[in-house]
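I have placed the structure first, in the form of structure tokens, so that the comments after it can refer back to it.
Please treat every number below as a calculation from the coordinates, not as lab data. Keep in mind that this is a model prediction, so the values were computed, not measured. Because the Cβ atoms are built from the backbone with ideal geometry, glycine has one as well, and the counts that use them run over all protein chains shown.
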Amino acid sequence: MSTSDPVASLEHVTVAYGATKALDDLTLDIASGEIIGVIGESGAGKSTLLALLDAAQHPTSGRVRILGTDPAALRDREIRELRRRIGMVFQGFNLLSNRTVRQNVALPLKLQRAVDPQHVESLLDYVGLADRADHYPAQLSGGQQQRVAIARALVTRPGLLLADEPTSALDTRTTEGILQLLSDARRDFGTTVVLVTHELEAVGAICDRVAVLERGVLQRVFPVVRADYGREHASYLAHAERMLGA
Ligand SMILES: Nc1ncnc2c1ncn2[C@@H]1O[C@H](COP(=O)(O)OP(=O)(O)OP(=O)(O)O)[C@@H](O)[C@H]1O
């Protein structure tokens, strides 16, 4: 895989549950080093798209390539290896409550038998929590917990970072800090980020492009220009274009 190859690509991908198409003939390339937003109302297919990009699910039809391989062609063990190269952060942080901050961040490396205490310390420092390394998640604010989760996701140097509503549980000021951290991670580590969110402001703050899903259909992908934050809109797509597009 060269650096100009897409980190992930979906070609005419459909995911069907009986008569329901969670995704319908979706084609999308995710470029190396970009931050792409994925937006859409409830039921639009965002979680299904993330499950495909995380190699947790295969399409009913169409082709998926992630980090140079087609997950549908891999054995279980190879899928687990592929998934180790994909970082995830979640709305609810998903930290282990009975492990310290340091242990949470170190966990993916421990599971890969690639323990690297110095790297763990450098990431704790990177996310601004070196002084909280021995605390437990319950002793931290939501924003701090999400920083730990981001450090845990970055510790394996993932080729792709999937962020599922990472700021939806946080207030505006904390959200800004978390978005800045994701943006910094792209700048400092070249991390490719897929940001699924219902918050158009979050997309406007850090995304290069945005993909708009409606009822499983990819309506449009367009560059984010962060220009007009007007509120009047005739449709969700019009709202997204007005908020984020040219
Ligand atoms: N396991 C499943 N079985 C049946 N239908 C499903 C399943 N998973 C998703 N769907 C359907 O597929 C469509 C897309 O669902 P998906 O969860 O991907 O949407 P979403 O955009 O993530 O929604 P939300 O923002 O509410 O999480 C919905 O109509 C949903 O009901």
Per-residue Cβ contact counts at 10 Å, fewest first, order F189, F93 as F189, F93
Within region 31-48, list the residues whose amide N lies under 18 Å from a label point set 7 Å along Cα→Cβ of R63.
31
Quick check on the exposure proxy: order K110, K46, K21 from fewest to most C-beta atoms within 10 angstrom.
K110, K21, K46
Here D for region 94-157, in µm²/s, from Stokes-Einstein with a Kirkwood Rh over Cα pairs at 25 °C and 0.890 mPa s, works out to 219
Which value results when the Cα radius of gyration for region 41-97 is divided by 2.2 N^0.38 Å?
1.25
From the residues A149, Q112, Y126, which one has its Cα farthest along the dipole of region 94-157 in the positive direction, the dipole being from +1 and -1 charges on Cβ of Lys/Arg and Asp/Glu about the Cα centre?
Q112
Counting only other residues whose beta carbon sits under 14 Å from that of F90, what net charge do I get with K and R as +1, D and E as -1?
0
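Once you list every other residue whose beta carbon is under 11 Å from the beta carbon of Q103, what net charge do they have if Lys and Arg are +1 and Asp and Glu are -1?
+3
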Can you put T60, T192 in order of Cβ neighbours within 10 angstrom, beginning with the fewest?
T60, T192
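Distances longer than 15 Å among the Cα atoms of region 43-145: what percent of all pairs is that?
Looking at region 43-145, the distances longer than 15 Å represent 69 percent of pairs.
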Send over the Kirkwood Rh of the chain, from the inverse of the averaged 1/r over different Cα pairs, rounded to one decimal Å.
18.5
Explain nothing, just the number: dipole magnitude of region 94-157 about its Cα centre with +1 on each Lys and Arg Cβ and -1 on each Asp and Glu Cβ, in debye rounded to the nearest 20.
240
